[in-house]
Amino acid sequence: MCLGGLIAVLAPLASARPSLFIRNWQSDVGLPDNTVIGITQSSDGFLWVATKTGLTRFDGVQFRPWSVPTDGIQTRGCKEVLGDRRGRLWVAKDQGVVVCVDQGRTTTVVGTEHAAGDVGDRIMVEDAEGAIWVSYGGGEVLRIQDGRVRSFTEADGLPAVGVCRLAVDGMGLLWFSQGDWVGVYRDGKFQPLRNLPARIITGCRSGGIWGCDNGQLWRYSEGGEPVKLGALPADTPVVTPTAFHEDRDGFLWLGTREAGLFRFDHAGVATATMSQQTIHALLEDREGNMWVGTRGGGLSQLKPSVVELLAISPSTQFRPVNSICQDTTGLMWAVLWPNGEILRNAGHGWTPLSEKDGWPVPLSSCVAADFQGGVWIGTQYNGLFHWKDGAITESLSAENGLCVNSNGTAGNQVKALLPTVSGEVWIGTNGPDDRRQVLQCWRAGKFETFDLPLDSGPVVTLAIDSAGDCWAATTKGLLLRVRMNKLTDETASTFKGAGVIRCLLGTPDGSLWIGYGGQGLGRLKAGRFSHYRMEHGLHDDYISNILPDSYGQLWFAANRGLFSVGENELDDFANGRTKRIWSEVYGRNDGLPQLQASYDAWPGAQRGTDGRLLFAMQSGVAVVDSENLKESADPPPVLIDLVTVNGKILAAYGADGTPASPLSPAPLELGHGDAHLHLAPGQRQQVEFDFTALTFIKPEVVSFKYWLHGLDSDWVEGGTRRSVSYAQIPPGHYRFQVAACNSDGVWNEIGAALELTVDPFWWETAWFQVIGTLSVAGLLSAVILLGWRRRHRSQIERLEMQQATERERARIARDIHDDLGATLTQIAMLSDSTGTVRLSHEDNLGKIHQVALAMTQTMDEIVWAVNPRHDRFDQMMMYLDAYAQDYLESTDLQSYVEFPSPLPTRQISAQVRHDLFLAFKEALNNLVRHAAARRVCISLLVRSDGFSLCVEDDGVGFVVDLSAALHAGTGNGLANMQARLASVGGHCTMDSAPGRGTRVVFDLPWES
């Protein structure tokens, strides 16, 4: 659609022009420079922004600086940028340089040979044949086609003076304006068509061009006459046009150097208030958003506002509104909190309803428009009034039945109103009897009163369903229905523990929607209740008002602002066809302050006469114009932008323009569909994938999910995060996949994918694992064999121990039999008066006493030998020392004991102690009986491998012939001592000669 001839006649419709939402990005959020020279959108969906400092790529959330190498040519900044239909990016730099970026590869197409003419701005366009045209400030024009560059001059039909401005119309025809001429390029030449001055031109979608000169706009088509369409406002100073564009709706946008941005639409000419007044660039993206580049003001996005907050007072911007309505004439009514003041708005600001207007009643509480052109006004203390045609037409109070309960108690406080199409008015009052409240209907000039259940509280919200039944909710959370003049309690039809109800809405499909104060949203339909909470995707659980629009959306005013959900989504969730609902939220990212809905009076929302939705908010009146919604049924393009490993960039979308990590190879190009990233063994500690979705309609709420096939078991919900990190990915082959969902809940399930191979360390390779498996098997076999041998040895040791125990038991039994048995037999014989032993009574007693003492000594020796508490070397030596002193005490021998100090505390077995003691005892016995010695010395030598115990005397001595004694079975116990020492691993040596005494040495090793 073109604008032709409409500006003059549509000026009176200025009030119908939708307001614009302007969002701005500057250097504090990543823009390289706040002066934006050019803007374009590439075929993949990225927005490219040329600034004085350099080029950057934008996905709606993040700016990524882009390096544009120029084959060693020193350039400072960008002058223009253009994305062509083949997906290439053309960048005009200073000194006449033009660079082409094609699938990540950068080529300098035009060098510095045109630097002389590179003054002022640069213009670049693409014609129908895909050729790129470049116009320099000095008047020179270049065409770049199939890698060839051709220069056009006066000889090719161009006028001789001025900058050549280029534009391509909707038919693909290249137009030019130079000097006072406009024309076209055809058959290899520029053909001037008409003398028509223009400071700037742009192509018309239906063919021809738009032009502007001295503030006057015109349109020209080949073969026709110029048509003047209008001019900038009369109070506009003389301006220099800098950017010109016709949008998809046929409206014109004109940027200027001195006066900012103008829009020409059906309602006339409007000025868009920008951050800076100098406009350098305009672009309409594929989703219909308008982008503006300014000098010093950064990058701006313009789009029609979906939600607008109407300020109540110029002096106090945010004032709470309790109740809102719009009458049949389009006049808006609002009741303010806390003073109950009534304001009206006819489209030119709010004015109070006061006594001079015929309204003398203070402290209003709610307003509701009826279908007959009037407005019902409820008050806090003065009852109910009807206003129509500028005057009060009806006054209702307790005197004529308002708020009268079954006890006859009446009141004048009205909290809720609901006029119906048939002329009835349903009224929720707050009577003085807290326990007995009523719901009333004003019908045909009379009240019909319905007593509420006891202690239910007053009515706070009302609704009419598709069957014509009236529904009401009370402060105590009761849900009531009036059907055929009978009131019933329907609370049990909802859910157990239902709480405070703030709002109700009946829709034509038979649904009753219930907004709870803390328990989300409910729906009653055909006797079935469905419940929606924040965990299901609802934006807020505190719902104050609900309204439907004309596009199948339900709009909710809540504690956390405004949001909408599709009725079909709610229906799908209720019927189990989906597990989650999608809420589209409107707030700070839409240029709105923090919004919170009011809920102290009813109605708090109404669908206006023009289809817009009005909501009473704590900060004013929120107006929703759902016609300005840009719903996107197309899934957002998704791509993997960057792969970093341990902080180093290994792969990038547009690798040539991505700064590589120091000392790292060039990143892998992810723009190719067959990209396959290989990670070396040391490159897997921290692998991070950055991804994006290229939509500029609420990009900050785009949701992602990802799946690393081979590691993750299923899709992982990533929310709005645009990156994911994996630590220590095992070696193997993987496929990383990411999908995205736009703000309307439309998923791109295919998304983007990257093949990934993680190479193993040498010890993780297959051959090493085979060898390792065999080695482990062999080691395991060896361990099993070793374990078997240990168990076998343990069994042998247990048998040996058992045998040793049995030997010890046999020894003890033998000692008891030989020593104690013989002694006891001797005692028995001495005590037998009839026996053959003939001794006196005194001799017998003496003998028995001596034998008993000997038996006690023998018993002590046996107990000492088997007691495990004495299984220490030092304790054994102390016992031998004590025994020797005691044994030698009754003799005339002088005894000496020489033991080192301290003595070792090593463990000594009972067998060693027993045999050593008996051998030692035998040596002392032989010494006393046969040596005829005067002195004896007992000494101990402790070595690292054992010890030696020596018993030495100065007696008569004898000739030692141990072998003869062993053969004859005699030898004064010498063979017995040798045998005892040999049984415990030691040996006994004896040194003696006549006249030289005797030396007996017991030598034993330490036990292991």
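The values are calculated or read from the model by the stated rules, or taken from the named source; none is laboratory data. Small disclaimer: the values here were computed from a predicted structure and weren't measured. Cβ atoms come from the backbone with ideal geometry, glycine included; neighbour counts cover every protein chain shown. We work out accessible area using only protein heavy atoms, side chains counted, and drop any ligands, DNA or RNA first. Shrake-Rupley method; radii C 1.70, N 1.55, O 1.52, S 1.80 Å.
On a per residue basis, the range 443-547 carries 41 Å² of accessible surface, using protein heavy atoms and a 1.4 Å probe. Our compactness index for the range 272-418, the C-alpha radius of gyration over the empirical 2.2 N^0.38 Å, is 1.52. Using a cut-off of under 18 Å, list every residue of the range 670-706 whose amide N is near the label point 7 Å from the Cα of S67 along the Cα-to-beta-carbon line. Zone members listed by number: 670-671.
Using a cut-off of 10 Å between beta-carbons, work out the net charge of the residues near F899 (Lys and Arg +1, Asp and Glu -1, F899 not included). Can you show the working numbers first?
Working: positive: none; negative: D874, D881, E898.
Charge balance in the 10 Å sphere: -3.
Extension gain for H709-N214 works out to 171.9 nm (0.36 nm per residue, less the C-alpha to C-alpha distance). Along its principal axes, the chain has C-alpha extents of 167, 101, 46 angstrom, given from the largest down. Which entries of K415/K486; K79/K228; K476/K525; K476/K579; K388/K446 show an alpha-carbon separation above 25 angstrom in the structure shown? Where the Cα-Cα span goes over 25 Å, the pairs concerned are K79/K228; K476/K579.
Mind jotting down the distance between the C-alpha centroids of the range 431-449 and the range 244-315, whole Å? So the separation of the two Cα centres works out to 53 Å. When a/c is below 1.5 the answer is rounded, else prolate if a/b is larger than b/c, else oblate, so apply that to the range 873-1008 with a ≥ b ≥ c taken from the square roots of the Cα gyration tensor eigenvalues. Taking the square roots of the gyration eigenvalues as a ≥ b ≥ c, the range 873-1008 is oblate.
Placing R0 at 60 angstrom, the Cβ-Cβ distance between V227 and T757 gives a FRET efficiency of 0.40 after rounding to 0.05.
What FRET efficiency would be calculated for the residue pair T351, Q594, taking the C-beta separation as r and a Förster radius of 25 Å, to the nearest 0.05?
Working: r = 27 Å, r/R0 = 1.08.
Computed FRET efficiency for T351 and Q594 comes out at 0.40.
Here the range 341-401 and the range 461-527 have alpha carbon centers that stand 28 Å from each other. For the range 82-178, GluC sites (Glu not before Pro) meeting the loop criterion (DSSP other than H, G, I, E, B) and having at most 12 other Cβ atoms within 10 Å: E129.
Just the number, please: percent antiparallel of the DSSP beta bridges in the chain, rounded to the nearest 5.
Details: 249 of 262 bridges.
Here the share of antiparallel DSSP bridges comes out near 95 percent.
A prolate overall shape is assigned to the range 202-242, the ratio a/c of its alpha-carbon gyration tensor axes (a ≥ b ≥ c) being 1.5 or greater and a/b exceeding b/c. At a 1.4 Å probe, what is the % contribution of carbon and sulfur to the accessible area of the chain? The C+S portion of the solvent-accessible surface of the chain is 52 percent.
Quick check: net charge around S313, other residues with Cβ under 14 Å of its Cβ, Lys/Arg +1 and Asp/Glu -1? Working shown, then result.
Numbers: positive: R319, R344; negative: E341.
Around S313, the surrounding residues sum to +1.
Contact order for the chain, expressed relative to its length and based on alpha carbon pairs under 8 Å spaced 6+ residues apart, stands at 6 percent.
For the chain, what is the mean residue ellipticity at 222 nm derived from helices alone (per DSSP H run of n ≥ 4: -39500 (n - 2.57); sum divided by total residues; nearest 500 deg cm²/dmol)?
On the way: 9 runs with 152 residues, N = 1008.
Per the formula, -5000 deg cm²/dmol.
Residues in the range 979-1008, backbone N under 15 Å from the label point at H930 (7 Å along the Cα-to-beta-carbon vector): list them, ranges by number please. Once the point is set 7 Å along Cα→Cβ of H930, 979, 989-1001 turn out to lie under 15 Å by backbone N, inside the range 979-1008.
Between the range 146-214 and the range 37-90, the alpha-carbon centres lie 25 Å apart. In terms of its C-alpha gyration tensor, the range 876-918 comes out oblate, because a/c is 1.5 or above while a/b does not outweigh b/c.
Remark: the range 575-645 carries 42 Å² of accessible area per residue (probe radius 1.4 Å; ligands, DNA and RNA excluded).
Okay, which of the range 245-276 sit inside 17 Å, backbone N to the point 7 Å along the Cα-Cβ direction of E627? Residues 249-251, 265-268 qualify, since their backbone N sits under 17 Å from the label point. Approximating the spin labels as points 7 Å out from Cα along Cα→Cβ, the Q191-to-D389 distance works out to 6.9 nm.
Roll a 1.4 Å probe over the protein chains and send me the accessible area per residue for the range 43-121 in Å².
Per-residue value: 41 Å².
What is the gain in length, in nm to one decimal, between R789 and R533 on full extension, counting 0.36 nm per residue of separation less the C-alpha to C-alpha distance?
Length gained, R789 through R533: 85.3 nm.
Per-residue extension of 0.36 nm, minus the Cα-Cα distance of L799 and D871, leaves a gain of 23.8 nm for this segment.
Tell me the Kirkwood radius of the range 339-462: reciprocal of the mean inverse pair distance over distinct alpha-carbon atoms, in Å. Write down the numbers at each step before the final one.
Numbers: mean 1/r = 0.0672 Å⁻¹.
Computed over the range 339-462, the radius equals 14.9 Å.
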